[in-house]
1. Just for the range 44-54: of the residues that are loosely packed, with under 14 Cβ neighbours inside 10 Å and either aliphatic (A, V, I, L, M) or modelled with pLDDT of 95 or more (or both), which one is nearest to Leu192 (Cα to Cα)?
2. Quick check: anything in the range 95-118 farther than 22 Å from Ala185 by Cα, in a helix (DSSP H, G or I), among the acidic types (Asp, Glu) and in contact (Cβ under 8 Å) with a residue 60 or more places away in the chain?
3. Of the conditions (1) over 15 Å from the mean Cα position of the chain (by Cα); (2) surrounded by fewer than 16 Cβ atoms within 10 Å (Cβ to Cβ), Ile131 clears all except one; give me its number.
4. List the residue pairs whose Cβ atoms are under 7 Å apart, where the first residue sits in the range 165-183 and is closer than 25 Å to Glu138 by Cβ, the second is in a helix (DSSP H, G or I) and among the basic types (Lys, Arg), and the two are 6 or more positions apart or on different chains.
Amino acid sequence: MNNPLATEVLEQSVLPGRKEQILSAAARLFRKKGFPSTTVRMIASELGMEAASLYNHMASKQELLKNLLFPVATAFTRGMEKIMAGKGSPVEKLEKLVLLHVELAMKHPDAVALILGEWIHLEEPDLQAFIRMRTEYENSFKKILEQGMNSGLLHHADPDLAVFSILSTLHALPNRLSRHPGISAEKLKSELVKSLLHGLVRN
């Protein structure tokens, strides 16, 4: 299954050659050890390089974190914009958002995993820029939920709590995928729609 909302970021963020390899290695280590505990020497060792050689491809460890987080955040933002502007009921839009999260987590598991906590290590002004993107995404998610509630398609519930509950689960997808590597995107989406939306959707 090929979802253009999820694959668009791949086409725009894939970098040729060594820099792509460095970003991939950094994402794995940041996810496994945490950003503060990961050193440039560790990243270089992962690639069979000297630490000094790494600086030919990057300015700093902070630059790597930024170049991992913002393409993924941009993919979520653009996916949300297209879903909100497109046709479909609020319930259908929520299902598309679940699929967006599933496919991005499958294609970028390490980078998506960083969104859960490592973003706090961004430096200004990048930190505030990332927080704005995250807040706007959450507000859009909340708006779709409220539209569904107001139209009678969803049961009324605290929209802030519903957004928190749904997104907490979706942000944890990379961890679930690491434990169930063979699951298909469609099956995972189906399971998540049932577990996350079943209690909200009116029969």
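The values are calculated or read from the model by the stated rules, or taken from the named source; none is laboratory data. Here the structure is a predicted model, which is why all the values come from computation and not from measurement. Cβ atoms come from the backbone with ideal geometry, glycine included; neighbour counts cover every protein chain shown.
1. Going through the range 44-54, the residues loosely packed, with under 14 Cβ neighbours inside 10 Å turn out to be 48, 50-53.
Pick out the ones that are also either aliphatic (A, V, I, L, M) or modelled with pLDDT of 95 or more (or both) and you get 51-52.
Details: Ala51: 42, Ala52: 45 Å.
Once the filter is applied, the top-ranked residue is Ala51.
2. Within the range 95-118, one or more residues are farther than 22 Å from Ala185 by Cα, in a helix (DSSP H, G or I), among the acidic types (Asp, Glu) and in contact (Cβ under 8 Å) with a residue 60 or more places away in the chain.
3. For Ile131, the failing item is (1).
4. none
Condition check ((1) surrounded by 13 or more Cβ atoms within 10 Å (Cβ to Cβ); (2) among the hydrophobic types (A, V, I, L, M, F, W, C)) across all residues:
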position: Gly34; (1), (2): yes, no
position: Thr39; (1), (2): yes, no
position: Met42; (1), (2): yes, yes
position: Asn56; (1), (2): no, no
position: Leu69; (1), (2): yes, yes
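Let's see how each residue does on (1) surrounded by fewer than 11 Cβ atoms within 10 Å (Cβ to Cβ); (2) under 16 Å from the mean Cα position of the chain (by Cα); (3) of a type in the set (Val, Ile, Thr):
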position	(1), (2), (3)
Ala157	no, no, no
Asp160	no, no, no
Thr169	no, yes, yes
Pro174	no, yes, no
Ser178	no, yes, no
Lys194	no, no, no
